[in-house]
Amino acid sequence: MDAVLLTQSLISGIMMGMVYALLSVGFSLTWGVMHVIHISHAAFGLLGAYVAYSLLEYFGVDPIVSAAVSVPLLFLLACGVYQLLIKPITKAKEVIVASMILTFGLAIILENVMVLIWKADPRIMTPTYSSGALIVGPLYFQYPHLVGFGLSIVGITAIYLFLQKTYTGMAVRAAWQQPEAAQLYGVNLYRISMITFALAVSTAGAGGISLALLNSFEPHSHNLWLIYLFLVVIVGGVGNVVGTALAGLIIGVITGLSMALLPFQWVNLVTFGLLMVFLIFRPHGLFKQGV
Amino acid sequence: MEKYRLTAMAILIAMLAAFPFLEPQVYYLSFMFSVFMYVILASSWNFIGGYAGYLSFGHAAFFGIGAFATAKIAAVFDLSPVLTILATIPAGAIAALVALIIGYPCLKIRGPYFAVVTLCFAFVVDLAVKNIEFLGGAEGIWMKIMDVPEKLSRSIMYEVMLLLMVVTLGVAWWLGRSRLGAGLRAIRSDEEVAETMGIPTAKIKIQAFILSAFFPGIAGGLFAYYLTYIHADVVFNISISILIVLMAMFGGGGTWLGPIIGAVILTVVNEGLSTFAQAEIARIIYGALFIVVTIFMPNGIIDFFRKKGGG
């Protein structure tokens, strides 16, 4: 095996993994804090990618710049979705099941709206620097990949700092660890849930933009993304931000290396096989600590 | 009361069985065939998912295993049509055997983690079948076509699927009233307490899982023979797995009638929408249906009407 090729695939695995982590962190939070398994999470990420794509194609706005607009917009949209759809089901006997069915419906709607607006053809994000690459010795990094990687690091760090340092973030963590006690201390659970949900959806948007800088995408892509969400969140431990970031890296490296070492059709088999074995032996993730 | 119910059901089954003799168009036979199939899938999923609360998101795997096993058995032994239909029973047994092997480690995991591990299991089986040349690999398998007019062959398959549905629903009826069913319900409400009360939880979970894999395996075999061509993308499709769960939960998990209602409504709606509306619009309405039903009937249709009726 060629050492250069190995290093190259290791590094692209790390980049990919960081992007998976950003895409997953919100999924992990809604699951951990609200007991809502948000099946349309990846579809919202894809929506973010498509908005960025259109802004780039028609107005020439760079994805990073437009993210500053589209991510807050997704935040507002998600607040509306929470009030209208998620809040009514929090009283169901089994919130997890009800939320899965409801958001599955939402994912179908989003997917087909995207087909109607953007057609089913695969798209590629082509910012001005798309053909450029950073060359370090024998290694080669395309600029869009570096930008996507950078955006994910910023996103993950931001959400980590929000949870650790801000008052609202601490309330989110409190609501996760002890909902009743948090309520006694004056935490409004509905407000916290709305913020968590909206925040999660906006990180999905940012993650979608990052992933779109690395890979091509189409309206059905969110199904595969969703599988990776589950993968990363389970390995990282539900509700655990640092765990999610590490799990993203681990899974990115595993897929990166198996792409270099194995025939293409075996890559997914290895990934899912590993996850299965993992789940059987460590169902609560690699890392114990929560949020 | 019981007696009237049984009579009503017997009449309904007889009417369904008589339907092909009215010489309907093949379209209606095909449609009813898929209604029966989904009722079987949702009802048998209910054994483990509804009663015990172990949401399997990989039930398409058993359906697909049954399909491939039937196709392979028929090809290897060069079976006649009647024997091919009978070969779906050992194919179902193979699906049940896989359920035993996979269920042993997986049923120790609870909650959403079980859902994810079964989802992965379905992916692994799908990818493995695609990569194994012996099972047709990426090309799929063709089966020998029944040597009779189309309408007759469709009618035969219709009757066989109906028979399987009646058997499955019979087992579901029995399960709902048996000790096994009571044990599974106890597991659903609190597994620790069930264990303390001396219910052999590990054993009955496996039993329910095996049963819930057996019937989808047979249904998969019949489906394969109905299409006469199978491909991993068709029978291991993840959306079949999800659809099964949705149908059962939509109607009401853990009840006898719930999965039947869910499967019938969703199959009819799906078919109706795709006939009368543009594909994307149809899907959007379909998605909205899930949202509306979950908001207004978060515990399933059955539960909603029971509450209404019982006050």
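Tabulated values for the structure
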{"quantity": "Test result for A:Leu269, facing chain B (nearest Cβ under 10 Å) and closer than 25 Å to A:Ile124 by Cβ", "calculated": "no"}
{"quantity": "Selected residue (only one of B:Ala202, B:Ala208 is in contact with a helix residue (DSSP H, G or I) (Cβ under 9 Å, 6 or more places away or on another chain), crowded, with 21+ Cβ neighbours inside 10 Å and within 30 Å of B:Gly258 (Cβ to Cβ))", "calculated": "B:Ala208"}
{"quantity": "Within the range B:285-306, tally of residues that are touching a Pro at 6+ places or on another chain (Cβ under 7 Å) and buried (at least 20 other Cβ atoms within 10 Å of the Cβ)", "calculated": "0"}
{"quantity": "Residue in the range A:204-216 that is among the β-branched types (Val, Ile, Thr), crowded, with 24+ Cβ neighbours inside 10 Å and in contact with a helix residue (DSSP H, G or I) (Cβ under 9 Å, 6 or more places away or on another chain) present", "calculated": "yes"}
{"quantity": "Unmet requirement for B:Met197, which otherwise passes all of (1) in contact (Cβ under 8 Å) with a residue 24 or more places away in the chain; (2) more than 14 Å from every other protein chain (Cβ to nearest Cβ)", "calculated": "(1)"}
{"quantity": "Given (1) within 14 Å of another protein chain (Cβ to nearest Cβ); (2) assigned to a helix (DSSP H, G or I), index of the condition B:Leu163 fails", "calculated": "(1)"}
{"quantity": "Selection from the range B:263-279 of residues that are within 14 Å of chain A (Cβ to nearest Cβ) and either closer than 14 Å to B:Gly49 by Cα or hydrophobic (A, V, I, L, M, F, W, C) (or both)", "calculated": "B:Ile265, B:Leu266, B:Val269, B:Leu273, B:Ala277, B:Ala279"}
{"quantity": "Conditions (1) surrounded by 24 or more Cβ atoms within 10 Å (Cβ to Cβ); (2) at the interface with chain A (Cβ under 9 Å from one of its Cβ atoms); (3) not acidic (Asp, Glu): number failed by B:Ala282", "calculated": "(1)"}
{"quantity": "From the options B:Ala61, B:Ala18, B:Ala69, B:Ala74, residue that is part of a helix (DSSP H, G or I) and free of Cβ contacts under 8 Å to residues at least 12 places away in the same chain", "calculated": "B:Ala18"}
{"quantity": "Residue that is nearest to B:Tyr226 (Cα to Cα) [pool: residues in the range B:122-147 that are touching a His at 6+ places or on another chain (Cβ under 9 Å) and exposed (fewer than 15 other Cβ atoms within 10 Å of the Cβ)]", "calculated": "B:Glu139"}
{"quantity": "Output for the range A:204-223, where each listed residue is aliphatic (A, V, I, L, M) and either at the interface with chain B (Cβ under 10 Å from one of its Cβ atoms) or farther than 16 Å from A:Thr255 by Cβ (or both)", "calculated": "A:Ala204, A:Ala206, A:Ile209, A:Ala212, A:Leu213"}
{"quantity": "The one condition in (1) in contact (Cβ under 8 Å) with a residue 60 or more places away in the chain; (2) over 29 Å from A:Arg173 (Cα atoms); (3) of a type in the set (Phe, Trp, Tyr) that A:Tyr20 fails to fulfil", "calculated": "(2)"}
{"quantity": "Looking only at the range A:77-111, and only at residues there that are facing another protein chain (nearest Cβ under 7 Å) and part of a loop (DSSP other than H, G, I, E, B), the one that is surrounded by the most Cβ atoms within 10 Å (Cβ to Cβ)", "calculated": "A:Ala92"}
{"quantity": "Matching residues in the range A:12-32 - criterion: being within 14 Å of chain B (Cβ to nearest Cβ) and either in contact with a Ser or Thr (Cβ under 7 Å, 6 or more places away or on another chain) or not small (Gly, Ala, Ser) (or both)", "calculated": "A:Ser24, A:Phe27, A:Ser28, A:Thr30, A:Trp31"}
{"quantity": "Any hit, the range A:127-144, residues being part of a helix (DSSP H, G or I), within 29 Å of B:Arg110 (Cα to Cα) and under 22 Å from the mean Cα position of the chain (by Cα)", "calculated": "no"}
{"quantity": "Criterion: of a type in the set (Ser, Thr, Tyr), surrounded by fewer than 20 Cβ atoms within 10 Å (Cβ to Cβ) and in contact (Cβ under 8 Å) with a residue 60 or more places away in the chain - qualifying residue of A:Tyr143, A:Tyr160", "calculated": "A:Tyr160"}
{"quantity": "Residue within the range B:114-121 that is surrounded by fewer than 19 Cβ atoms within 10 Å (Cβ to Cβ) and part of a helix (DSSP H, G or I) present", "calculated": "no"}
{"quantity": "All positions within the range B:83-114 that are within 14 Å of chain A (Cβ to nearest Cβ) and aliphatic (A, V, I, L, M)", "calculated": "B:Val98, B:Ile101, B:Ile102, B:Leu107, B:Ile109"}
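Only the coordinates and a few stated rules stand behind these numbers; no lab work does. The structure displayed is predicted, hence computed values, not measured ones. Please note: Cβ atoms are built from the backbone with ideal geometry, for glycine as well, and neighbour counts cover all protein chains shown.
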